[in-house]
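Comments concern the structure below.
The values are calculated or read from the model by the stated rules, or taken from the named source; none is laboratory data. Here the structure is a predicted model, which means the values were calculated and not measured. Here the Cβ positions follow ideal geometry from the backbone for every residue, glycine too, while neighbour counts run over all protein chains shown.
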Amino acid sequence: MRAAVLVAPGRLEVREVPDIEIGPGEVLVKNTVSGICGSDLHIYSGSLPDVMPRVLGKVLGHELCGEIAAVGPGVTNVKVGDRVAVEPLLACDRCVDCQVGDYHLCPELQHIGIGWSGGFGQYAKAPAKNVFPLPDHVSYEDASLLDCLAVGIHAVNVTGIHPGSTVLVFGGGTIGIATAQAAKWAGASTVAIATRSKLGREFALSTGIDVAIDSTTEDVGARMRDLTNGRGPDVVFDAVGGAQNYVQRGIEIVRRGGKIGVLGVFPEQRVTLTPPYLINELSIVACFSYAKWGGVPEFQIALDGLASGKFAGRGYITQRFPLDDIAHAFEVAEHKHGQDAIKVSIVH
Ligand SMILES: [Zn+2]
Ligand SMILES: [Zn+2]
(Lines give C-alpha, C1' and ligand atoms only; values in the text may rest on other atoms or scores of the structure.)
(Ligands and ions follow the chains in the order given, each with its own letter.)
Protein backbone atom coordinates (compact mmCIF):
# COMPACT_ATOMS: atom_id res chain seq x y z
CA MET A 1 0.00 0.00 0.00
CA ARG A 2 0.98 3.64 -0.31
CA ALA A 3 1.72 5.48 2.91
CA ALA A 4 3.46 8.55 4.27
CA VAL A 5 6.44 7.42 6.32
CA LEU A 6 8.12 9.72 8.85
CA VAL A 7 11.75 9.27 7.81
CA ALA A 8 13.28 12.03 9.97
CA PRO A 9 12.00 14.94 12.07
CA GLY A 10 10.36 17.32 9.60
CA ARG A 11 10.43 14.79 6.72
CA LEU A 12 7.56 12.67 5.43
CA GLU A 13 8.01 10.43 2.41
CA VAL A 14 5.10 8.93 0.50
CA ARG A 15 6.06 5.47 -0.79
CA GLU A 16 5.02 1.82 -1.08
CA VAL A 17 5.16 -0.07 2.21
CA PRO A 18 4.30 -3.73 2.95
CA ASP A 19 0.58 -4.49 3.15
CA ILE A 20 -0.88 -4.75 6.65
CA GLU A 21 -1.85 -8.19 7.91
CA ILE A 22 -4.56 -8.66 10.50
CA GLY A 23 -4.97 -11.32 13.15
CA PRO A 24 -7.82 -12.64 15.31
CA GLY A 25 -10.04 -9.91 16.71
CA GLU A 26 -8.63 -7.28 14.37
CA VAL A 27 -10.07 -5.40 11.39
CA LEU A 28 -8.49 -3.74 8.36
CA VAL A 29 -9.81 -0.26 7.62
CA LYS A 30 -9.50 1.45 4.23
CA ASN A 31 -8.82 5.00 5.36
CA THR A 32 -11.03 7.75 3.96
CA VAL A 33 -10.36 10.98 5.88
CA SER A 34 -7.49 11.48 8.36
CA GLY A 35 -7.01 14.67 10.35
CA ILE A 36 -3.67 16.23 11.19
CA CYS A 37 -3.60 16.73 14.97
CA GLY A 38 -1.62 19.29 16.95
CA SER A 39 0.25 16.38 18.51
CA ASP A 40 1.18 15.11 15.01
CA LEU A 41 2.81 18.50 14.47
CA HIS A 42 4.74 18.20 17.76
CA ILE A 43 5.88 14.69 16.79
CA TYR A 44 6.73 15.68 13.22
CA SER A 45 8.82 18.66 14.27
CA GLY A 46 10.77 16.54 16.78
CA SER A 47 9.66 18.56 19.83
CA LEU A 48 8.63 15.37 21.66
CA PRO A 49 11.98 13.50 21.67
CA ASP A 50 10.67 10.62 23.85
CA VAL A 51 8.19 9.67 21.14
CA MET A 52 10.68 9.81 18.23
CA PRO A 53 12.11 6.27 18.50
CA ARG A 54 8.57 4.82 18.32
CA VAL A 55 7.47 6.76 15.24
CA LEU A 56 10.54 6.93 12.98
CA GLY A 57 9.94 4.79 9.91
CA LYS A 58 6.23 4.54 10.81
CA VAL A 59 2.93 5.93 9.52
CA LEU A 60 1.27 8.63 11.67
CA GLY A 61 -2.40 9.64 11.79
CA HIS A 62 -4.58 8.87 14.82
CA GLU A 63 -7.70 10.77 13.70
CA LEU A 64 -8.96 8.16 11.28
CA CYS A 65 -12.05 6.58 9.85
CA GLY A 66 -12.97 4.57 6.80
CA GLU A 67 -14.51 1.42 5.41
CA ILE A 68 -13.95 -2.07 6.78
CA ALA A 69 -11.87 -3.89 4.14
CA ALA A 70 -11.32 -7.19 6.00
CA VAL A 71 -12.12 -8.75 9.36
CA GLY A 72 -10.01 -11.25 11.30
CA PRO A 73 -11.27 -14.45 12.92
CA GLY A 74 -13.71 -13.89 15.76
CA VAL A 75 -14.84 -10.38 14.75
CA THR A 76 -18.62 -10.04 15.09
CA ASN A 77 -19.37 -6.33 15.64
CA VAL A 78 -18.61 -5.18 12.07
CA LYS A 79 -18.41 -6.67 8.57
CA VAL A 80 -16.66 -5.83 5.30
CA GLY A 81 -18.10 -2.65 3.79
CA ASP A 82 -19.22 -1.06 7.08
CA ARG A 83 -18.39 2.61 7.58
CA VAL A 84 -16.56 3.14 10.86
CA ALA A 85 -14.66 5.63 12.97
CA VAL A 86 -11.56 4.33 14.74
CA GLU A 87 -10.81 5.11 18.38
CA PRO A 88 -7.01 5.16 18.42
CA LEU A 89 -6.32 4.33 22.09
CA LEU A 90 -4.78 0.90 22.70
CA ALA A 91 -4.67 -0.07 26.37
CA CYS A 92 -3.86 -3.31 28.18
CA ASP A 93 -7.41 -3.98 29.49
CA ARG A 94 -5.92 -5.70 32.57
CA CYS A 95 -4.50 -3.00 34.87
CA VAL A 96 -6.58 -1.24 37.53
CA ASP A 97 -6.84 1.96 35.47
CA CYS A 98 -8.22 0.01 32.52
CA GLN A 99 -10.63 -1.91 34.69
CA VAL A 100 -12.18 1.22 36.20
CA GLY A 101 -12.59 2.71 32.71
CA ASP A 102 -9.66 5.15 32.87
CA TYR A 103 -7.81 3.38 30.07
CA HIS A 104 -6.27 6.65 28.91
CA LEU A 105 -4.13 6.38 32.06
CA CYS A 106 -3.01 2.79 31.35
CA PRO A 107 0.76 2.54 31.87
CA GLU A 108 0.97 0.50 28.66
CA LEU A 109 -1.12 2.94 26.60
CA GLN A 110 -0.33 3.10 22.89
CA HIS A 111 -2.09 4.77 19.97
CA ILE A 112 -2.96 3.75 16.45
CA GLY A 113 -1.07 6.33 14.41
CA ILE A 114 1.71 6.79 16.98
CA GLY A 115 3.90 3.72 16.54
CA TRP A 116 1.07 1.61 15.09
CA SER A 117 0.45 2.35 11.42
CA GLY A 118 -2.29 5.01 11.22
CA GLY A 119 -4.41 7.21 9.00
CA PHE A 120 -1.69 8.53 6.70
CA GLY A 121 -1.57 5.28 4.74
CA GLN A 122 -4.17 3.65 2.50
CA TYR A 123 -5.06 1.13 5.21
CA ALA A 124 -4.78 0.78 8.98
CA LYS A 125 -5.56 -2.09 11.32
CA ALA A 126 -7.39 -1.86 14.63
CA PRO A 127 -8.76 -4.17 17.30
CA ALA A 128 -12.43 -4.70 16.46
CA LYS A 129 -13.45 -3.13 19.79
CA ASN A 130 -11.84 0.15 18.66
CA VAL A 131 -14.14 0.66 15.67
CA PHE A 132 -17.49 2.42 15.96
CA PRO A 133 -20.06 1.96 13.14
CA LEU A 134 -21.22 5.27 11.68
CA PRO A 135 -24.88 6.11 11.12
CA ASP A 136 -25.46 6.72 7.39
CA HIS A 137 -25.94 10.46 7.84
CA VAL A 138 -22.60 10.99 9.62
CA SER A 139 -20.01 11.84 6.96
CA TYR A 140 -16.43 10.59 6.97
CA GLU A 141 -15.23 14.17 7.29
CA ASP A 142 -17.25 14.59 10.48
CA ALA A 143 -16.21 11.14 11.73
CA SER A 144 -12.54 12.08 11.37
CA LEU A 145 -13.14 14.76 14.05
CA LEU A 146 -14.30 12.30 16.70
CA ASP A 147 -10.93 12.03 18.44
CA CYS A 148 -10.95 15.81 18.95
CA LEU A 149 -14.63 15.97 19.94
CA ALA A 150 -14.08 13.20 22.50
CA VAL A 151 -11.23 15.25 24.01
CA GLY A 152 -13.71 18.12 24.40
CA ILE A 153 -16.27 15.83 26.06
CA HIS A 154 -13.66 14.52 28.49
CA ALA A 155 -12.47 18.05 29.36
CA VAL A 156 -16.03 19.06 30.21
CA ASN A 157 -16.56 15.89 32.25
CA VAL A 158 -13.39 16.20 34.36
CA THR A 159 -13.95 19.89 35.10
CA GLY A 160 -17.56 19.27 36.14
CA ILE A 161 -19.28 21.71 33.77
CA HIS A 162 -23.06 21.62 34.25
CA PRO A 163 -26.18 23.66 33.44
CA GLY A 164 -25.51 27.28 34.39
CA SER A 165 -21.70 27.05 34.26
CA THR A 166 -19.71 29.95 32.84
CA VAL A 167 -16.73 28.98 30.72
CA LEU A 168 -13.83 30.63 28.89
CA VAL A 169 -11.74 28.72 26.38
CA PHE A 170 -8.39 30.09 25.22
CA GLY A 171 -7.71 28.71 21.76
CA GLY A 172 -9.65 28.78 18.50
CA GLY A 173 -8.28 25.54 17.07
CA THR A 174 -10.13 22.25 16.79
CA ILE A 175 -9.68 21.27 20.44
CA GLY A 176 -10.68 24.70 21.75
CA ILE A 177 -13.86 24.85 19.68
CA ALA A 178 -14.70 21.20 20.41
CA THR A 179 -14.36 21.88 24.16
CA ALA A 180 -16.51 25.00 23.91
CA GLN A 181 -19.16 23.07 21.94
CA ALA A 182 -19.10 20.29 24.54
CA ALA A 183 -19.55 22.88 27.31
CA LYS A 184 -22.66 24.23 25.55
CA TRP A 185 -23.98 20.70 25.19
CA ALA A 186 -23.40 20.15 28.92
CA GLY A 187 -25.66 23.13 29.62
CA ALA A 188 -23.21 25.94 30.35
CA SER A 189 -25.07 29.25 30.25
CA THR A 190 -22.17 31.32 28.93
CA VAL A 191 -19.33 29.93 26.85
CA ALA A 192 -16.72 32.32 25.48
CA ILE A 193 -13.78 31.58 23.26
CA ALA A 194 -10.70 33.83 23.12
CA THR A 195 -8.41 33.54 20.12
CA ARG A 196 -6.35 35.63 17.76
CA SER A 197 -7.86 33.67 14.85
CA LYS A 198 -10.66 35.52 13.05
CA LEU A 199 -11.60 32.28 11.31
CA GLY A 200 -11.76 30.49 14.68
CA ARG A 201 -13.98 33.21 16.16
CA GLU A 202 -16.37 33.19 13.23
CA PHE A 203 -16.63 29.41 13.17
CA ALA A 204 -17.11 29.24 16.96
CA LEU A 205 -20.03 31.68 16.79
CA SER A 206 -21.57 29.71 13.92
CA THR A 207 -21.64 26.57 16.09
CA GLY A 208 -23.64 28.32 18.83
CA ILE A 209 -20.82 29.39 21.16
CA ASP A 210 -22.04 32.55 22.89
CA VAL A 211 -19.11 34.95 22.73
CA ALA A 212 -15.92 35.17 20.65
CA ILE A 213 -13.19 37.48 21.96
CA ASP A 214 -10.27 38.76 19.91
CA SER A 215 -7.39 38.02 22.27
CA THR A 216 -5.04 40.36 20.40
CA THR A 217 -7.11 43.52 20.84
CA GLU A 218 -9.58 42.93 23.69
CA ASP A 219 -9.09 42.68 27.45
CA VAL A 220 -10.21 39.08 27.95
CA GLY A 221 -10.40 39.33 31.75
CA ALA A 222 -12.56 42.47 31.62
CA ARG A 223 -14.89 40.91 29.03
CA MET A 224 -15.30 37.82 31.21
CA ARG A 225 -16.03 39.89 34.33
CA ASP A 226 -18.71 41.74 32.34
CA LEU A 227 -20.26 38.44 31.31
CA THR A 228 -20.26 36.98 34.84
CA ASN A 229 -21.49 39.83 37.08
CA GLY A 230 -17.93 40.77 37.94
CA ARG A 231 -17.03 37.35 39.31
CA GLY A 232 -15.09 35.60 36.55
CA PRO A 233 -15.93 32.29 34.84
CA ASP A 234 -16.23 28.98 36.67
CA VAL A 235 -13.77 27.27 34.35
CA VAL A 236 -11.01 28.58 32.08
CA PHE A 237 -9.44 26.18 29.57
CA ASP A 238 -6.00 26.48 28.03
CA ALA A 239 -6.45 24.86 24.63
CA VAL A 240 -3.54 26.67 23.02
CA GLY A 241 -0.32 25.05 24.18
CA GLY A 242 2.97 25.49 22.37
CA ALA A 243 4.94 28.63 23.04
CA GLN A 244 2.29 30.43 25.06
CA ASN A 245 0.91 29.44 28.40
CA TYR A 246 -2.62 30.46 29.25
CA VAL A 247 -2.74 28.65 32.60
CA GLN A 248 -1.23 31.76 34.17
CA ARG A 249 -3.86 33.94 32.49
CA GLY A 250 -6.49 31.50 33.71
CA ILE A 251 -5.35 31.95 37.31
CA GLU A 252 -5.92 35.71 36.90
CA ILE A 253 -9.32 35.43 35.22
CA VAL A 254 -11.14 32.46 36.78
CA ARG A 255 -13.57 33.06 39.66
CA ARG A 256 -12.64 32.36 43.29
CA GLY A 257 -12.87 28.61 43.78
CA GLY A 258 -12.75 28.04 40.01
CA LYS A 259 -10.90 25.59 37.82
CA ILE A 260 -8.31 25.88 35.09
CA GLY A 261 -8.51 23.02 32.61
CA VAL A 262 -5.26 22.25 30.80
CA LEU A 263 -5.58 20.83 27.30
CA GLY A 264 -2.58 22.38 25.59
CA VAL A 265 0.84 20.77 25.49
CA PHE A 266 3.57 23.25 26.34
CA PRO A 267 6.87 21.39 26.72
CA GLU A 268 8.96 24.46 27.58
CA GLN A 269 6.58 26.43 29.77
CA ARG A 270 6.39 26.85 33.55
CA VAL A 271 3.45 27.92 35.69
CA THR A 272 4.02 30.02 38.82
CA LEU A 273 1.57 29.37 41.63
CA THR A 274 1.17 32.97 42.76
CA PRO A 275 -0.69 33.80 46.03
CA PRO A 276 -4.08 34.21 44.25
CA TYR A 277 -3.85 30.53 43.34
CA LEU A 278 -3.87 29.61 47.03
CA ILE A 279 -6.10 32.24 48.59
CA ASN A 280 -8.70 31.92 45.84
CA GLU A 281 -8.54 28.14 46.25
CA LEU A 282 -8.16 27.42 42.56
CA SER A 283 -7.72 24.02 40.95
CA ILE A 284 -5.62 23.20 37.92
CA VAL A 285 -7.12 20.18 36.21
CA ALA A 286 -5.31 18.22 33.52
CA CYS A 287 -7.65 17.14 30.73
CA PHE A 288 -5.85 14.39 28.88
CA SER A 289 -7.34 12.44 26.01
CA TYR A 290 -10.55 10.55 26.87
CA ALA A 291 -11.74 7.15 28.00
CA LYS A 292 -15.02 6.10 29.61
CA TRP A 293 -17.34 8.35 31.61
CA GLY A 294 -20.05 6.67 33.66
CA GLY A 295 -19.14 3.44 31.89
CA VAL A 296 -19.75 4.86 28.40
CA PRO A 297 -16.86 5.52 25.99
CA GLU A 298 -16.51 9.28 25.52
CA PHE A 299 -15.73 8.51 21.86
CA GLN A 300 -19.26 7.02 21.60
CA ILE A 301 -20.72 10.06 23.40
CA ALA A 302 -18.99 12.28 20.84
CA LEU A 303 -20.37 10.17 17.99
CA ASP A 304 -23.87 10.43 19.50
CA GLY A 305 -23.35 14.20 19.63
CA LEU A 306 -22.50 14.30 15.93
CA ALA A 307 -25.35 11.98 14.97
CA SER A 308 -27.93 13.99 16.93
CA GLY A 309 -26.66 17.37 15.73
CA LYS A 310 -25.46 18.47 19.19
CA PHE A 311 -22.00 18.79 17.70
CA ALA A 312 -21.55 20.75 14.49
CA GLY A 313 -18.94 18.88 12.49
CA ARG A 314 -19.05 20.83 9.27
CA GLY A 315 -16.71 23.80 9.28
CA TYR A 316 -13.78 22.36 11.23
CA ILE A 317 -11.95 21.11 8.15
CA THR A 318 -10.61 24.13 6.33
CA GLN A 319 -8.00 22.49 4.05
CA ARG A 320 -7.98 19.08 2.36
CA PHE A 321 -5.00 17.40 0.72
CA PRO A 322 -4.48 14.06 -1.04
CA LEU A 323 -2.01 11.67 0.59
CA ASP A 324 0.65 12.39 -2.04
CA ASP A 325 0.60 16.04 -0.94
CA ILE A 326 1.00 15.33 2.77
CA ALA A 327 4.25 17.28 3.13
CA HIS A 328 2.42 20.36 1.91
CA ALA A 329 -0.50 19.59 4.23
CA PHE A 330 1.85 19.48 7.25
CA GLU A 331 3.43 22.73 6.14
CA VAL A 332 0.03 24.42 6.00
CA ALA A 333 -0.97 22.94 9.35
CA GLU A 334 2.29 24.02 11.00
CA HIS A 335 2.32 27.57 9.74
CA LYS A 336 -1.32 28.41 9.54
CA HIS A 337 -2.86 26.67 12.54
CA GLY A 338 -4.86 29.12 14.54
CA GLN A 339 -4.92 31.67 11.72
CA ASP A 340 -6.12 30.59 8.30
CA ALA A 341 -6.66 26.95 9.16
CA ILE A 342 -8.64 25.09 11.80
CA LYS A 343 -8.30 21.43 10.81
CA VAL A 344 -6.12 20.31 7.91
CA SER A 345 -7.03 16.84 6.68
CA ILE A 346 -5.84 14.15 4.33
CA VAL A 347 -8.65 12.95 2.09
CA HIS A 348 -7.78 9.59 0.52
ZN1 LIG B 1 -5.13 14.12 18.21
ZN1 LIG C 1 -4.16 -0.94 31.29
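Going through the range 6-58 one residue at a time, which ones are modelled with pLDDT under 95, loosely packed, with under 12 Cβ neighbours inside 10 Å and either among the acidic types (Asp, Glu) or under 22 Å from Arg320 (Cβ atoms) (or both)?
Scanning the range 6-58 gives a single hit, Asp50.
Just need a number here: residues in the range 30-57 that are within 26 Å of Ile342 (Cα to Cα), touching a residue at least 40 places away in the same chain (Cβ under 8 Å) and more than 16 Å from ligand 1 (Cβ to nearest atom).
The total comes to 3.
Can you name the residue in the range 104-116 that is within 16 Å of ligand 1 (Cβ to nearest atom) and at negative phi and is also surrounded by the fewest Cβ atoms within 10 Å (Cβ to Cβ) among such residues? Show your work before the answer.
The initial filter retains those residues of the range 104-116 that are within 16 Å of ligand 1 (Cβ to nearest atom), namely 104, 109-116.
Filter again for at negative phi, leaving 104, 109-112, 114, 116.
Numbers: His104: 17, Leu109: 18, Gln110: 15, His111: 20, Ile112: 25, Ile114: 22, Trp116: 20.
Residue satisfying both the conditions and the ranking: Gln110.
Scan the range 170-190 residue by residue and report those that are crowded, with 24+ Cβ neighbours inside 10 Å, more than 15 Å from ligand 1 (Cβ to nearest atom) and closer than 20 Å to Arg314 by Cα.
Within the range 170-190, Gly172, Ala180, Gln181, Ala182, Ala183 qualify.
Does Gly208 count as under 22 Å from Glu268 (Cβ atoms) and either surrounded by fewer than 18 Cβ atoms within 10 Å (Cβ to Cβ) or outside the structural domain of Asp40 (by TED's automatic domain parsing) (or both)?
Details: under 22 Å from Glu268 (Cβ atoms): no; either surrounded by fewer than 18 Cβ atoms within 10 Å (Cβ to Cβ) or outside the structural domain of Asp40 (by TED's automatic domain parsing) (or both): yes.
Criteria not met by Gly208.
Out of the residues in the range 77-104 meeting the condition of being within 16 Å of ligand 2 (Cβ to nearest atom) and among the acidic types (Asp, Glu), tell me which one is farthest from Cys287 (Cα to Cα). Explain how you work it out, then say what you get.
To start, the set of residues in the range 77-104 that are within 16 Å of ligand 2 (Cβ to nearest atom) comprises 87-104.
Within this subset, residues satisfying the condition of being among the acidic types (Asp, Glu) are 87, 93, 97, 102.
Numbers: Glu87: 18, Asp93: 21, Asp97: 16, Asp102: 12 Å.
So, considering only residues that are within 16 Å of ligand 2 (Cβ to nearest atom) and among the acidic types (Asp, Glu), the one farthest from Cys287 (Cα to Cα) is Asp93.
Among the residues of the range 193-217, which ones are more than 19 Å from the chain's Cα centre (by Cα), of a type outside the set (Val, Ile, Thr) and part of a strand (DSSP E or B)? Reasoning before the result, please.
Restricting attention to the range 193-217, the residues satisfying the condition of being more than 19 Å from the chain's Cα centre (by Cα) are 196, 198, 202, 205-206, 208, 210-217.
Now restrict to residues that are of a type outside the set (Val, Ile, Thr): 196, 198, 202, 205-206, 208, 210, 212, 214-215.
Selection gives Ala212, Asp214.
Take the residues of the range 20-76 that are part of a loop (DSSP other than H, G, I, E, B) and acidic (Asp, Glu): which is nearest to ligand 2 (Cβ to nearest atom)?
So the first thing to find is which residues in the range 20-76 are part of a loop (DSSP other than H, G, I, E, B), and the list is 20-25, 36-37, 46-51, 56-62, 72-76.
With the extra rule that they be acidic (Asp, Glu), the set shrinks to 21, 50.
Numbers: Glu21: 25, Asp50: 19 Å.
Checking each candidate, the answer is Asp50.
Do you know which residues across the range 123-154 are polar (S, T, N, Q) and either assigned by TED's automatic domain parsing to the domain that holds Trp185 or crowded, with 19+ Cβ neighbours inside 10 Å (or both)? Walk me through how you get there before you give the answer.
To start, the set of residues in the range 123-154 that are polar (S, T, N, Q) comprises 130, 139, 144.
Asn130, Ser144 - these are the residues of the range 123-154 that are polar (S, T, N, Q) and either assigned by TED's automatic domain parsing to the domain that holds Trp185 or crowded, with 19+ Cβ neighbours inside 10 Å (or both).
Kindly list the number of the only condition in (1) away from ligand 1 (no atom under 16 Å from the Cβ); (2) among the acidic types (Asp, Glu); (3) out of contact with any Lys or Arg (no Cβ under 9 Å at 6 or more places or on another chain) that fails for Asp136.
Unmet condition: (3).
In the range 216-244, which residues are surrounded by fewer than 20 Cβ atoms within 10 Å (Cβ to Cβ) and modelled with pLDDT under 95?
Selection gives Thr216, Gly242, Ala243, Gln244.
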